[in-house]
Amino acid sequence: PCRSVLTVACEQTEVLLFDPISSKHIKTLSEAHEDCVNNIRFLDNRLFATCSDDTTIALWDLRKLNTKVCTLHGHTSWVKNIEYDTNTRLLVTSGFDGNVIIWDTNRCTEDGCPHKKFFHTRFLMRMRLTPDCSKMLISTSSGYLLILHDLDLNKSLEVGSYPILRARRTTSSSDITSSGSSGPRAVGSPCHQNDSGPLSEKHMSRSSQREGGSPRNSLEVLTPEVPGERDRGNCITSLQLHPKGWATLLRCSSNTDDQEWTCVYEFQEGAPVRPVSPRCSLRLTHCIEEANVGRGYIKELCFSPDGRMISSPHGFGIRLLGFDVHCSELVDCLPKEASPLKEIRSLYSHNDVVLTTKFSPTHCQIASGCLSGRVSLYQPKF
């Protein structure tokens, strides 16, 4: 967070640390895990977590990198995503076992720390918390996007314990259907539990009366509209949140793997009109077709710290994209219909497919990493 260290997750068990100012190599954690390292998340300016295909999460302290603080066991498949709730100081991880697990880092020991399964869904790809930690978003390889509203991480979500709000598409109100007992279940829906319509309706009504709005952890299931995809289906491979919580950023590829898109969806806030009616809380505002190079590999994109630009892997380089050519705020240039993202700059310095890119949180600097292992640092001038 203070920009003093750039950390790099590598395919063969390693984590690399660099000084982003001088570009000097600081340290290599050669056996950080027993399999590919997938994601790194800083909890504060010294403590960070790594996750791996070896099914574990490791906690590290920058002041003592020779040994791990602890190793966390709980997932049964590749762990792909780490989030951190700064309000409750709970670590949140997700993996290809379909589980979202909560870890109490306040009570960590060398043997691990207390944890519990919070949520489970099929085809889970990525999980994110909004900046204020009021929502959890989960993307799936089947094209669904799950949103848990009014998030309460202290309450695990078991079968039938929460109401389901369902919308088929994010762009048309006529496509919204209720999850009541008369509504058919969507084919291939990612949730494992049954649609107990009357139970969900009663649960929601009681919660609405008690809190004056939607209940905690109410679930919305969406199929985001993706240009060019139409009826072929798509896989949501990358998921990011606007730093001010205004929008979500998705990277999608078609099921036939011949198209790839970057899409921005604005959050449309507000409680449902009726307690049991779904809210379609996302609207497609901007999109752009990607190069579709390096098929089968996930490309991780990101917002700039102020949310005005997007850095997106594009072939052997990255593209800086804006909502308009002036890099205006999203709220100042919301179109009535979905509009193309504007290409601000293209930066190419790799000899292989770029898989990830990240803005510095404090300076005008961007990092990118490619499949062959090269890390590039840019200080773009406009």
Query raised in the report: Do we find that residue 295 is touching a residue at least 24 places away in the same chain (Cβ under 8 Å) and either among the polar types (S, T, N, Q) or open to solvent by 70 Å² or more (accessible area, probe 1.4 Å) (or both) in this structure?
Result: yes
**Report entry** Of all residues in the range 64-84 being touching a Leu at 6+ places or on another chain (Cβ under 6 Å) and closer than 20 Å to residue 155 by Cα, the one that is surrounded by the most Cβ atoms within 10 Å (Cβ to Cβ)
**Finding:** 84
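Matching residues to (1) in contact with a Phe, Trp or Tyr (Cβ under 6 Å, 6 or more places away or on another chain); (2) in a strand (DSSP E or B); (3) modelled with pLDDT of 85 or more; (4) crowded, with 17+ Cβ neighbours inside 10 Å:
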{"residue": "106", "(1), (2), (3), (4)": "no, no, no, no"}
{"residue": "142", "(1), (2), (3), (4)": "yes, no, yes, yes"}
{"residue": "154", "(1), (2), (3), (4)": "no, no, yes, no"}
{"residue": "160", "(1), (2), (3), (4)": "no, no, no, no"}
{"residue": "183", "(1), (2), (3), (4)": "no, no, no, no"}
{"residue": "188", "(1), (2), (3), (4)": "no, no, no, no"}
{"residue": "194", "(1), (2), (3), (4)": "no, no, no, no"}
{"residue": "205", "(1), (2), (3), (4)": "no, no, no, no"}
Report summary line: Scanning the range 349-371 for residues that are over 18 Å from residue 23 (Cα atoms) and not aliphatic (A, V, I, L, M) gives 351, 352
Report summary line: Only one of 26, 40, 57 is touching a Gly at 6+ places or on another chain (Cβ under 9 Å), outside any loop (DSSP other than H, G, I, E, B) and not charged (D, E, K, R), namely 57
Report summary line: Expected single match for farther than 17 Å from residue 251 by Cα and open to solvent by less than 50 Å² (accessible area, probe 1.4 Å) among 335, 361 is 335
Requested in this report: Considering only residues that are among the hydrophobic types (A, V, I, L, M, F, W, C) and free of Cβ contacts under 8 Å to residues at least 60 places away in the same chain, look in the range 29-46 and name the one that is surrounded by the fewest Cβ atoms within 10 Å (Cβ to Cβ).
Outcome: 36
Report summary line: Restricting attention to the range 337-382, the residues that are in contact (Cβ under 8 Å) with a residue 24 or more places away in the chain, out of contact with any strand residue (DSSP E or B) (no Cβ under 6 Å at 6 or more places or on another chain) and of a type in the set (Gly, Ala, Ser) number exactly 2
Requested in this report: Tally the residues that are open to solvent by less than 30 Å² (accessible area, probe 1.4 Å), in a loop (DSSP other than H, G, I, E, B) and in contact with a Ser or Thr (Cβ under 7 Å, 6 or more places away or on another chain), restricting the search to the range 108-132.
Outcome: 1
Query raised in the report: Would a scan of the range 61-71 turn up a residue that is of a type in the set (A, V, I, L, M, F, W, C), closer than 27 Å to residue 237 by Cβ and not in a loop (DSSP other than H, G, I, E, B)?
Result: no
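The values are calculated or read from the model by the stated rules, or taken from the named source; none is laboratory data. These figures come from a predicted structure and were not determined experimentally. Positions of Cβ are generated from backbone atoms using ideal geometry, with glycine treated the same way; all protein chains shown enter the neighbour counts. These accessible areas exclude ligands, DNA and RNA; they are computed on the full protein's heavy atoms, side chains included. Shrake-Rupley method; radii C 1.70, N 1.55, O 1.52, S 1.80 Å.
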